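Below is one structure; the comments refer to it alone.
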There are 2 protein chains.
Amino acid sequence: MAEGATAVTSKPTYSISDLAREFSITTRAIRFYEDKGMLSPARRGQTRVYRPEDRVRLKLILRGKRLGLSLEESAEIINMYDPAHGNVEQIQRLLDSIRTKRARLQEQLQDIHALMAELDEAEARCLENLSTESLNK
Amino acid sequence: MAEGATAVTSKPTYSISDLAREFSITTRAIRFYEDKGMLSPARRGQTRVYRPEDRVRLKLILRGKRLGLSLEESAEIINMYDPAHGNVEQIQRLLDSIRTKRARLQEQLQDIHALMAELDEAEARCLENLSTESLNK
DNA sequence: CTTGACGTTTACGTTAACGTAAACTTTTGC
DNA sequence: GCAAAAGTTTACGTTAACGTAAACGTCAAG
């Protein structure tokens, strides 16, 4: 089961270690995300069978991690993609959390730009030091 | 000691709770950062006295947190601001880690833009649902 | 037919980043 | 001058996010 494709015409499936390899994580982590209700792969007997939608969800989880989100926060975001969300109040609260997330992302953008500028300076100082260092030889 | 300024002409100082209030964290957290070697405020007797440089360091720590960095990663970045870094090898390794950090920040930028786009879509779907919902009344 | 690669569940261990509490001293407002 | 507020150290508790290990099933290859 090196490649998960059953037929080129149908949707591909993946084993747990396929996904683990692709994203450089452990199978333990993937099962952990399932325990947390963030993944619910199909089963062939006992064995987990992942479909493209599961793979996308996993990608979203990992993107969240790269952004420093907790699994719970990622779960919240992923649930935003869901079909319908019942009543008006629920939708309002969803809108709220969307806007809150956006605000936090804006903050992160500022932080990243600031930090990048400082990395530039630090790099410049390094190069400076390297050149003066070579003069001492 | 409501305001930390001893004299307007000299550099201001801050108590631990001044900083805790300003950044909405606990004094426990601040002492914890000190335990980790990330802060080393002056002392007046037993009492910690923070100077502007300490405050800046704290800001850098918190910015790191917003970006999902571990305290260790933040410490590494903060140390990049230090005066001289000895020999050429050290500087080379510093340059390496600067470039690695930059790459990770670029990743984060991509992730943020992607996520923001998806938040836009999610918001649109919400508003859509709200309008169709109101028709059902 | 057994070995090895892959899968499963269950459960205890670990690390980071603090929270919480106790027990005590020091400073400050009135 | 004394209670309340703020400071200190020491130490155990907690949560998230897995790691690690045990103990077992399954199936294709040699």
Review point. Between copies, how far does the label point of B:VAL49 sit from its twins, in nm, shortest first, when each point is 7 Å from Cα along Cα→Cβ?
Key: 7.2
Check your understanding: Chains A and B: what accessible area do they bury, summed, in square angstrom to the nearest 100, with a 1.4 Å probe?
Key -> 4100 Å²
Exercise for review: Provide a whole-number value for the mean count of partner chain Cβ atoms within 10 Å of the Cβ atoms in peptide B:41-53.
Suggested key: 0
Revision key, fill the gap. Counting only residues 5 or more apart in sequence or on a different chain, those whose built amide H sits under 5 Å from that of A:VAL49 are A:ALA42, A:ARG43, A:ARG44
Study note, to complete from the structure: In debye to the nearest 20, the charge dipole size for the range A:30-137, taken about the Cα centre with +1 at each Lys and Arg Cβ and -1 at each Asp and Glu Cβ, equals 840 debye
Practice item. Between copies, how far apart are the B:GLU121 label points? List them in nm, one decimal, shortest first, with each point 7 Å from Cα toward Cβ, please? Key: 3.9
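For the protein assembly as shown, give the percent of accessible area contributed by carbon and sulfur heavy atoms, probe 1.4 Å, rounded to a whole number.
Details: 8600 of 16830 Å².
Looking at the protein assembly as shown in its full context, I get 51 percent from C and S.
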Review point. Quick one: label points 7 angstrom along Cα→Cβ at A:LYS11, distances to the other copies in nm, smallest first?
Key: 6.1
Review point. Considering every residue in A:106-118, what mean count of other chain Cβ atoms within 10 Å of its Cβ is obtained?
Key: 5
Study note, to complete from the structure: To the nearest 20 debye, the protein assembly as shown has a Cα-centred charge dipole, built from +1 on Lys and Arg Cβ and -1 on Asp and Glu Cβ, of 680 debye
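Just to confirm, what accessible area per residue do you get for chain A at 1.4 Å probe, in whole Å²?
I get 62 Å² per residue for chain A.
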Study note, to complete from the structure: Which of B:LYS59/B:LYS101; A:LYS36/A:LYS101; A:LYS101/B:LYS101; A:LYS36/B:LYS36; A:LYS101/B:LYS11; A:LYS59/B:LYS36 exceed 29 Å between C-alpha atoms? The answer is A:LYS36/B:LYS36; A:LYS101/B:LYS11; A:LYS59/B:LYS36
Exercise for review: State the residue of chain B whose Cβ is nearest the axis carrying B onto A, and the distance in whole angstrom.
Suggested key: B:GLY68, 1
Practice item. May I ask for the distance between the Cα centers of the range B:93-131 and the range B:22-78, given as a whole number of Å? Key: 27 Å
Point to revise | Share of alpha-carbon pairs per 10 Å distance bin for chain B, given as whole % | key: 10, 27, 23, 19, 12, 7, 2, 0
Review point. So what is the 222 nm mean residue ellipticity for chain A from helices alone, if each DSSP H run of at least 4 adds -39500 (n - 2.57) and you divide by all residues, rounding to the nearest 500 deg cm²/dmol?
Key: -22000 deg cm²/dmol
Check your understanding: Using a simple charge model, +1 on the beta-carbon of Lys and Arg, -1 on the beta-carbon of Asp and Glu, nothing else, what dipole does the range B:83-137 show about its Cα centre, in debye to the nearest 20?
Key -> 380 debye
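Could you grab the relative contact order for chain B? Cα pairs under 8 Å, six or more apart, rounded to a whole percent. Don't skip to the answer; put the middle values down first.
Working: 72 pairs, mean separation 17.3, N = 137.
Computed value for chain B: 13 percent relative contact order.
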Check your understanding: Say the dipole of the range A:83-137 comes from +1 at the beta carbon of Lys and Arg and -1 at that of Asp and Glu; which of A:GLN90, A:ASN129, A:GLN110 then lies farthest toward its positive end?
Key -> A:GLN90
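Give me a single rounded figure for B:62-72: the average over its residues of other chain Cβ atoms within 10 Å of their Cβ.
Average neighbour count from other chains, rounded to a whole number: 4.
The values are calculated or read from the model by the stated rules, or taken from the named source; none is laboratory data. All of these numbers come straight from a predicted model, not from anything done at the bench. As a convention, Cβ positions derive from the backbone with ideal geometry for all residues, glycine included, and neighbour counts pool all protein chains shown. These area figures cover heavy atoms from the full protein model, side chains too; ligands, DNA and RNA do not enter into them. Shrake-Rupley method; radii C 1.70, N 1.55, O 1.52, S 1.80 Å.
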